[in-house]
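Engineer: I have a structure here, written as structure tokens, and I will follow up with some questions on it.
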Amino acid sequence: MRWTAIAPAFLAVTLGSSALAQEWTDYIAKEDFFSVDFAAPPTIDTFTYTTEYGSTVPARRYTSIYGTGKYVMTVVHMNRTDRPAGGQGSELRGAIQYAATAIRRTGIVTTDIYNELQSIPGQILHVTLPDGKRIYASIYLHKHRLYILEATAPDDEPPPLLFQASLNIMDEQGRSVRYQDNEYSFPDGRPPAAGGGG
């Protein structure tokens, strides 16, 4: 199921008037190759992320607080890990599920589905926390960078779909990446599709 394809259709229905009134702006993080809409300028902090196999790798967290909502974009750089070169493959391939497992453990999972963003495989999770708030998370891996997008909102407010649907992964020139979908695996070694697609 491709959530990014259907999310825009839900925006007008699921977002309340107060959410639509927010001054969402496109935030571009060139050093981490992504852009996303934030309702308020994010604070940025660097930290060390521990992988499933115990490797410690650099990461950066972008956090925006707006009203009762919390919007977080985390980028983990897995170019080099503590494992031997021949053992890094499973650590990298399992990075999405490891991050997803950590989010699943925070509460009751209500949505847990495969997703693609720009033909890049990923996972979408919705989790209800013990205090009643909900986490809406999207996780992707592209070129040794793990992208973890999380929005936390009270259960009586509309889902933060505007934040989720705005995520864009970029290349070294700041362009939105687009890959041809070979309907079997990714990456398939072919160049980005001309004019977008996926």
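Engineer: Go through region 45-70 and count every residue that is outside any strand (DSSP E or B) and within 20 Å of L92 (Cα to Cα). Steps first, please.
Structural biologist: Of region 45-70, the ones outside any strand (DSSP E or B) are 51-55, 67-68.
Now narrow it down to the ones that are within 20 Å of L92 (Cα to Cα): 51-55.
Qualifying residue count for the region: 5.
Engineer: Going by the structure shown, is G89 on the phi > 0 side of the Ramachandran plot and out of contact with any Phe, Trp or Tyr (no Cβ under 9 Å at 6 or more places or on another chain)?
Structural biologist: Numbers: on the phi > 0 side of the Ramachandran plot: no; out of contact with any Phe, Trp or Tyr (no Cβ under 9 Å at 6 or more places or on another chain): yes.
So G89 does not fit the description; no.
Engineer: Next up: Output the residue which, of all residues in region 102-137 that are assigned to a strand (DSSP E or B) and in contact (Cβ under 8 Å) with a residue 60 or more places away in the chain, is nearest to S166 (Cα to Cα). Working first, answer last.
Structural biologist: Initial filter on region 102-137 (assigned to a strand (DSSP E or B)): 108-117, 120-128, 134-137.
From what's left, in contact (Cβ under 8 Å) with a residue 60 or more places away in the chain: 113-117, 120-121, 124.
Details: I113: 19, Y114: 18, N115: 15, E116: 14, L117: 10, I120: 15, P121: 16, I124: 14 Å.
Filtering first and then ranking leaves L117.
Engineer: In addition: Residue check: is P160 surrounded by fewer than 21 Cβ atoms within 10 Å (Cβ to Cβ), closer than 25 Å to R105 by Cβ and modelled with pLDDT under 95? Please lay out each step first, then the result.
Structural biologist: Numbers: surrounded by fewer than 21 Cβ atoms within 10 Å (Cβ to Cβ): no; closer than 25 Å to R105 by Cβ: yes; modelled with pLDDT under 95: yes.
In short, no.
The values are calculated or read from the model by the stated rules, or taken from the named source; none is laboratory data. Note that the structure is predicted; figures quoted are calculated from it, not measured. No Cβ is skipped: glycine too gets one built from the backbone with ideal geometry, and neighbour counts run over all protein chains shown.
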